[in-house]
Amino acid sequence: MDEKNIPIRTYQVCNVLEPNQNNWLRTDWIPRSGAQRVYVEVKFTLRDCNSLPGVTGTCKETFNLYYHESNEDRESYIKESSFIKVDTVAADESFTQVDVGDRIMKLNTEVRDVKVTTRKGFYLAFQDVGACIALVSVRVFYKTCPLTVRNLATFPDTVTGADTSSLVEVRGSCVNQSEEREEPKMYCGADGEWLVPIGGCLCSPGYQEKSGTCKACSAGFYKARSSDAGCSKCPPHSHSLRDGATVCDCHSGFFRADSDPPSMACTQPPSAPQQLISVVNETSVVLEWSPPRRLGGRSDTSYSLECLICQTGSHSQTGGKLCLPCGSDVLFSPGQAGLKTTRVVVSELRAHTHYTFIVHARNGVSQASGAAGSAQSVSVTVTTNQAAPSPVSYIQATDVTRHSLSLAWQQPDRPNGVILEYEVKFYEKDQRERSYRIMRTFSRSVDVTGLNPLTVYVFHVRARTAAGYGEFSTPFEFSTNSDPFPLIGEGVNSAFLLLSVSGVGILLLISAAVFIISRRRSKYSKTKQDSEEEKHLNPGVKIYVDPFTYEDPDQAIHEFAKEIDVSSIHIERVIGMGEFGEVCSGRLRAQGKREIYVAIKSLKAGYSDKQRRDFLSEASIMGQFDHPNIIRLEGVVTRCKPLMIITEYMENGSLDAFLRKHDGQFTVIQLVGMLRGVASGMKYLSDMSYVHRDLAARNILVNSNLVCKVSDFGLSRVLEDDPEAAYTTRIPIRWTAPEAISYRKFTTASDVWSYGIVMWEVVSYGERPYWDMNNQDVIKAIEEGYRLPAPMDCPVVLHQLMLDCWERDRAERPTFSQILNMLDKLIRNPGTLRLSPPTCLLSPSPWSVCVWLQSIGLERYRDTLAAAGYTSLDNSLSLIAFISAKKTKQKQNRVSFGGEKIQTPTVLCGVIVAQT
Ligand code: AMP
């Protein structure tokens, strides 16, 4: 009976009276099931030996517990010695008979543990050695550390180790939606307790921890990384619609850069930079702007610059006209892209060029937003100015003797305008720069004489434009030699020698004055050239006032010219002879101004009223003009005699004489630069509705900077006053348009005709138009359609422009504005000023008609003549004779072969019959 008096089954033994007891009770086979240490809990009762009457010596109060490991589950007989003793078990409590009577049960519970690791199972056995004992229950168990979750890692139910002190290391596995932070580990102690948790897991992005599990972030929240942190609310301008967001999506119109953290608000690209200001300094431009009005919520705004060369007044953002990138030689300081500052200096630009700069503002989300560049950019168009030329890069010695050196060099890479002259500085190498000499020249070569033999000299060359001197070249060293004769340098062309020697004879045969019929359609739009009509077309433009409309000539002169006190004029020398008297140079010191050089024209004594009026009218006209290419009137002296007209002083005098003096010394670009000045002055006059009527190289003056200015405003009045008598004597026939000669139709278009003649004069270095032909023949030739041929070395485009100026129909002629544009284009693109290719050099016989034509600058008529059967000189002799009969005059003419230039007595120019 147990404590509750319920009968229970027990194993009992109580042989206390008999000695030497050895009674065994054995269990069935118990499978180990992976356990390594099993616990045996025994419940039993034990009779107190003292309470048994008559028991002596033999009574025991303990029993022994044994075990035997075995793989066999059904061993029928196991030897006593096969069992291993676990322990002798004594009762904590024993009882007496009295106790039983008192119904007091003394149940003992004893637990023993034993390591069982060698077999699949084991048997237990109890040995009684003479006690009075009842075995109430035996419970056999092992211990585990129970399944658990620590630091978001799950640790499974784990059987404890074999020894009481052993710890079983267990690796945990991360719970769902979590990632290992550090390998999760724990130890399972022998008593089934988990010990020392190490490492653990973190909830994955989009999940946060909640009671040992990872739960998805709800809408409107996000978690970007695996971390202990909880989900965060979406940052500004973003949202998450579904659970488990790892990042919030930007609202429409907002963006996130790749490098932006998910916790950052969504942002926008910047608006355009503001207030872009450009300051042009020669060929540099300083660009400055203000940051965009809207930075889009970011602080990483940067700027980049786009540089374009555009057609006049256009750029890609507005005009859609052709714009080209500037090229890699343009310098940007501090840089072109990724700028944090709002100021950039752009240098190494071309002079006189229209540039468009576009400043783009960008930030981290510009790319992500895919915003069109124009939305975030601002542009400005500038025109660069004249600038000093870049240095000459290479100097070559062509001839070397004992006492002289001939040097030649190339034009600087960036002339930045028209080169006015070159300066050569040189010194003996040993002397260093202690004493040096300077030479100046218009051409790209110089002969340096008076040198010491066998001495090394150092040379530097620099070029000058209207903007001033450029840098000197790097030093070039050349030595004079001991040989008295020149050493011929590079490039003597044997073909040229052959041609020139054998050519002279044949060329002498040919002598012709020739004009060309050039009937071609004008490419210029029809423009009304008549000045009368232009007046009405250009309201608001300052119009020239004819001084002869004033009844009192002195009123006109005092309206348009300043009276100068004669005491402020200091006359120095006579420089020319004008129609009314001498022209002198001198100095003028006007009150409060610095002294300047002036030209002084005076009216010789004994003049009539008409002469006085005509003389002063030039000043009244000139005084109305204010333009860099029109001669400037400083003032007049009318209050004392002689009367004087004071103008700015032009050091190089009139253009025709100047060119003749410097025959062949200028580059084509320099010549075009001079022509540009004349065209610019004439455009100004035509804009003011002034018709010059006497435009000719002799009436253009040149200053020390090669700037050409239109002068001589006397003729218009003379012609009008003298309709009959002066007709042929006063009209400059060779310069005048046919309609002005025939019926005195003087207009801006007739000035354009004269301008064409000036072009011809300039390119031929002051040659007389139509050479020695008389006026009547010139009029007739023009009437028949003949025109002046291209001068030697004249680029095709220039001659074409001349021919356009000489259109018979004056409405077909270009305007000065068109001429100016055309010349500007030529200056900007010197490549277009090429000469025609020397095609004749390919011809098998050098002495073909082709070569002859080329020699006189008329090779473009080769095809016309060939079509008419003139292919060899033999069968062309009749043509030559015809030409000779028509107009003959031998003349010194320069002839060109394949680019080599020689002076040779030969024929003059040109021939050709358009419809031969
Ligand atoms: P004109 O009467 O204007 O034709 O002048 C006669 C000559 O004087 C010209 O051919 C020039 O050589 C010279 N001359 C006139 N004006 C100037 C000037 N402003 N500067 C230098 N030379 C001048």
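The values are calculated or read from the model by the stated rules, or taken from the named source; none is laboratory data. These numbers come from a predicted model, not from an experiment. Glycine also receives a Cβ, built like all others from the backbone with ideal geometry; neighbour counts cover every protein chain displayed. The area values use the complete protein model at the heavy-atom level, side chains included, leaving out ligands, DNA and RNA. Shrake-Rupley method; radii C 1.70, N 1.55, O 1.52, S 1.80 Å.
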Exercise. Among the candidates MET622, MET688, MET674, which residue alone is touching a residue at least 60 places away in the same chain (Cβ under 8 Å), open to solvent by less than 10 Å² (accessible area, probe 1.4 Å), in contact with a strand residue (DSSP E or B) (Cβ under 9 Å, 6 or more places away or on another chain) and away from the ligand (no atom under 14 Å from the Cβ)?
Worked result: MET674
For this session: Only residues in the stretch 575-604 that are within 14 Å of LYS562 (Cβ to Cβ) and within 9 Å of the ligand (Cβ to nearest atom) count as the first member; pair them with residues that are open to solvent by less than 40 Å² (accessible area, probe 1.4 Å) and of a type in the set (S, T, N, Q), Cβ under 8 angstrom, at least 6 apart or cross-chain, and list the lot.
Result: VAL598/SER585; VAL598/THR647
Exercise. Of all helices (runs of 4 or more DSSP H) completely enclosed by the stretch 728-842, which ones contain at least 3 residues that are under 26 Å from SER654 (Cβ atoms) and touching a Leu at 6+ places or on another chain (Cβ under 7 Å)?
Worked result: 748-763, 816-828
Exercise. Name the residues in the stretch 122-134 that are surrounded by fewer than 22 Cβ atoms within 10 Å (Cβ to Cβ) and outside any strand (DSSP E or B), would you?
Worked result: VAL129
Exercise. Quick one: is VAL286 modelled with pLDDT of 90 or more, among the hydrophobic types (A, V, I, L, M, F, W, C), under 30 Å from GLY470 (Cα atoms) and in contact with a strand residue (DSSP E or B) (Cβ under 9 Å, 6 or more places away or on another chain)?
Worked result: yes
Exercise. Inside the stretch 1-54, can you point out the residues that are of a type in the set (Phe, Trp, Tyr) and in contact with a Leu (Cβ under 7 Å, 6 or more places away or on another chain)?
Worked result: TYR11, PHE44
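In the stretch 433-477, which strands (runs of 3 or more DSSP E) lie fully inside it and hold 2 or more residues that are modelled with pLDDT under 90 and either open to solvent by less than 50 Å² (accessible area, probe 1.4 Å) or out of contact with any Gly (no Cβ under 6 Å at 6 or more places or on another chain) (or both)?
The qualifying strands (runs of 3 or more DSSP E) are 437-441, 456-465.
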Exercise. When you go through VAL637, VAL710 one by one, which is the residue that is open to solvent by less than 30 Å² (accessible area, probe 1.4 Å) and within 14 Å of the ligand (Cβ to nearest atom)?
Worked result: VAL710
Exercise. Inside the stretch 42-66, can you point out the residues that are open to solvent by 30 Å² or more (accessible area, probe 1.4 Å) and modelled with pLDDT of 90 or more?
Worked result: LYS43, LYS60, GLU61, THR62, TYR66
Exercise. Would it be correct to say that SER137 is at negative phi, open to solvent by 30 Å² or more (accessible area, probe 1.4 Å) and in contact (Cβ under 8 Å) with a residue 40 or more places away in the chain?
Worked result: yes
For this session: Could you check how many residues of the stretch 647-663 are open to solvent by less than 40 Å² (accessible area, probe 1.4 Å) and either more than 9 Å from the ligand (Cβ to nearest atom) or part of a helix (DSSP H, G or I) (or both)?
Result: 5
Seminar exercise, completed: Checked ASN416, ASN363 against criteria (within 21 Å of the chain's Cα centre (by Cα), under 30 Å from ASN703 (Cβ atoms), of a type outside the set (Phe, Trp, Tyr) and buried (at least 16 other Cβ atoms within 10 Å of the Cβ)); the one match is ASN416
For this session: Hand me the list of strands (runs of 3 or more DSSP E) wholly inside the stretch 168-280 holding 3 or more residues that are open to solvent by less than 30 Å² (accessible area, probe 1.4 Å) and farther than 25 Å from PRO292 by Cα.
Result: 178-188, 194-203
